[in-house]
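Only one structure is covered here, and it is reproduced in the block below.
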Amino acid sequence: MFIQVMKSIASFNRAFQLRTWILSIAKHVAIDHYRRKKFYFLFKENFLIHMVSKSGLPQESLENKETRRMIQESLAKLKTKYRLVFILRAINELSIKETAVILNCSESKVKVDYHRALGMLQKKLAKRLKGESDCYDTEK
């Protein structure tokens with residue numbers, strides 16, 4: 001810091017107090033020091049070894065994305081009434097009563113439609129996993 005003060009003494013404006021000027025230089029030197037320290041820390045040799053991924057292995061992430069995509073595509077092929085019940089119950093985690101109010105139907109209808117939606121979705125996913133194409137199998 002004192003070296004910086006000595007280098008900058010020629011540019012000192014006598015309209016300001018010397019003490020304020022030196023403290024300002026000290027503040028900026030400290031900020032620069034910690035900024036450099038943080039930068040060098042990020043690029044140490046072992047930095048990447050100690051980094052732990054929060055999302056798991058890349059293969060797991062890819063498998064999860066593929067599974068979600070398959071579920072979404074299979075869900076899109078269900079009849080609208082089954083798709084709505086499934087989304088409200090399974091994805092939005094609403095109760096049977098809440099789902100019945102939203103869909104303006106009885107609780108028993110929600111239970112039946114949800115059970116049927118699960119069955120249809122399982123069949124569609126099983127077909128996809130076996131490699132069978134159900135692109136013409138839309139139930140709308």
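Derivation of every value follows stated rules applied to the coordinates shown; laboratory data play no part. Here the structure is a predicted model, which means the values were calculated and not measured.
Give me a comma-separated list of calculated 3J(HN,Hα) values for the range 108-123, in order, Karplus coefficients 6.51, -1.76, 1.60 applied at θ = phi - 60°, integers in Hz, x for any Gly or Pro.
Working through the residues one at a time gives 5, 5, 4, 4, 5, 4, 5, 4, 5, 4, 4, x, 5, 5, 4, 5 Hz.
Can you flag which of 79/123; 65/111; 77/130 are past 21 Å Cα-Cα?
Distance filter (> 21 Å) returns 65/111.
Figure the gain on full extension for residue 68 and residue 91 (residue separation times 0.36 nm, minus the Cα-Cα span) and round it to one decimal in nm.
Value of the extension gain: 7.1 nm.
So what are the ³J(HN,Hα) numbers for the range 19-32, from phi and the Karplus equation (6.51, -1.76, 1.60; θ = phi - 60°), rounded to whole Hz, Gly and Pro as x?
Those phi angles translate into 4, 4, 5, 5, 5, 5, 5, 4, 4, 5, 5, 5, 4, 4 Hz.
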